[in-house]
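The structure appears right after this line, and notes come after that.
The values are calculated or read from the model by the stated rules, or taken from the named source; none is laboratory data. Nothing here was measured: the structure is a model prediction, and the numbers come from that model. Here the Cβ positions follow ideal geometry from the backbone for every residue, glycine too, while neighbour counts run over all protein chains shown. Heavy atoms of the whole protein, side chains included, go into the accessibility calculation; ligands, DNA and RNA do not. Shrake-Rupley method; radii C 1.70, N 1.55, O 1.52, S 1.80 Å.
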Amino acid sequence: MATPSGSRLVVYAALVGNLCIAIAKFVAAGISGSSAMLSEGVHSLVDTTNELLLLYGLHRADKKPDTVHPFGYGRELYFWSFIVALLVFAAGAGVSAYEGIQHIRRPEPATNHLLSYVVLGISFVFEAGSWWVALREFRATKGSMGYFEAFRRSKDPATFTVLLEDSAALLGLAFAAAGLAAAQLLDMPVLDGVASLCIAGVLAVTAFLLARETKGLLVGEPAHPDVARHILAVANKDADLRTANGVTTMQMGPDQVVAMLSAEFEDDRTTPQIEACITRIEKAVKQDYPELVALFIKPQASEVFRARQAALAEPP
């Protein structure tokens with residue numbers, strides 16, 4: 001699991017890089033008249049706004065639980081990450097597509113190509129640096145999982161959002177450079193607009209991936225399976241339990257998990273013994289998984305648990 005400080009470092013690095021890049025791209029676009037460069041400027045400006053929203057989400061997610069939100073504010077980050085995905089699609093892909101279509105309909109040759117190439121090169125250096133910071137943090141948390149599996153299972157959208165955005169930015173820079181060079185060498189300014197459409201396509205795919213993952217987190221996903229396995233292992237060692245039937249978990253934030261354990265207690269256990277058993281299990285689990293904000297233990301016969309699980313598995 002990514003640490004809050006690690007997530008913030010990734011976002012801050014991306015914020016500084018994208019802000020500097022956006023200014024340089026807009027200056028170059030204004031001087032050269034390049035459609036692809038203008039699309040890239042919009043792309044970097046959207047990314048800068050996204051980083052600000054992610055920082056706000058991280059700030060809100062840090063709020064302590066209260067009577068209104070007894071399980072904490074972790075899902076604030078998921079909400080703002082979903083807004084980021086919408087912005088990437090609407091402001092990023094939409095504006096880039098519009099600019100590309102306009103330039104294809106009314107192609108005008110770009111000027112000051114050297115300036116554009118210099119800005120693209122500097123942008124690539126900044127984006128690559130931000131991408132490396134995000135990749136290093138992502139690799140530190142993914143363990144033995146593959147990159148795509150880790151992306152699907154990640155519960156910290158701040159890190160994978162920046163990594164995906166920076167990957168899209170590097171690909172967009174490649175399209176912008178290729179479009180600008182092709183338009184210059186072939187004397188076909190329409191290719192500059194085609195590059196803008198390619199950038200729009202990259203942003204649209206990025207937005208779709210981000211929206212799909214953050215929607216799952218926002219609606220509700222189970223925690224990593226290791227959490228449930230550990231709770232069952234701890235519970236089955238307790239002498240006051242006859243059997244631990246199963247565990248249901250819910251990820252409430254990057255470092256906030258709620259779990260419910262179905263368990264069958266020994267018939268001769270008194271209420272104080274059951275209460276002590278629950279306290280022991282919760283304390284033992286939290287030692288290894290401090291992100292567990294609440295563990296509810298439901299006394300339930302194993303036959304009843306299996307019947308309800310079977311009913312859930314039946315098609316509607």
Compute the accessible area per residue over segment 1-135, keeping the other protein chains in place, probe 1.4 Å, unit Å².
47 Å²
Just to confirm the number: angle between the C-alpha axis of helix 302-313 and the first principal axis of the chain, 0 to 90 degrees, nearest 10?
30 degrees
Excluding ligands, DNA and RNA, what is the solvent-accessible area per residue of segment 157-316 at a probe of 1.4 Å, expressed in Å²?
48 Å²
Checking the a/c ratio against 1.5 first, then a/b against b/c, what shape does the Cα gyration tensor give for segment 15-151?
prolate
Under the classification rounded if a/c is under 1.5, otherwise prolate if a/b is larger than b/c and oblate if not, where does segment 1-93 fall, given a ≥ b ≥ c as square roots of the Cα gyration tensor eigenvalues?
prolate
Can you tell me which of 21-34, 260-273 comes out highest on packing, and rank the rest after it, using the mean Cβ neighbours within 10 Å?
21-34, 260-273
Just how large is the dipole of segment 1-139 about the Cα centre, in debye to the nearest 20, putting +1 at every Lys and Arg Cβ and -1 at every Asp and Glu Cβ?
180 debye
On a 0 to 90° scale, report how tilted helix 75-87 is relative to the longest principal axis of the chain, with both axes built from alpha carbons and the result rounded to the nearest 10.
20 degrees
Which of the three applies to segment 51-125, rounded, prolate or oblate, going by the alpha-carbon gyration tensor with a ≥ b ≥ c and a/c under 1.5 meaning rounded?
oblate
With all protein chains in place and a 1.4 Å probe, Trp132 shows an accessible area in Å² (nearest 10) of 130 Å²
Taking only protein heavy atoms and a 1.4 Å probe, the highest-to-lowest accessible-area order of Ile278, Ile199 is Ile278, Ile199
For helix 271-288, what angle does its Cα long axis make with the longest principal axis of the chain, in degrees from 0 to 90 and rounded to 10?
30 degrees
Summarise the accessible area of the chain (1.4 Å probe, protein heavy atoms) by the percent that is carbon and sulfur.
66 percent
Given springs between every Cα pair under 10 Å in a Gaussian network model of the chain, which of Cys20, Cys198, Cys277 has the largest fluctuation?
Cys277
Too long at a 29 Å Cα-Cα cut-off: which of Lys63/Lys283; Lys64/Lys237; Lys155/Lys286; Lys64/Lys155; Lys63/Lys237; Lys64/Lys298?
Lys64/Lys237; Lys63/Lys237
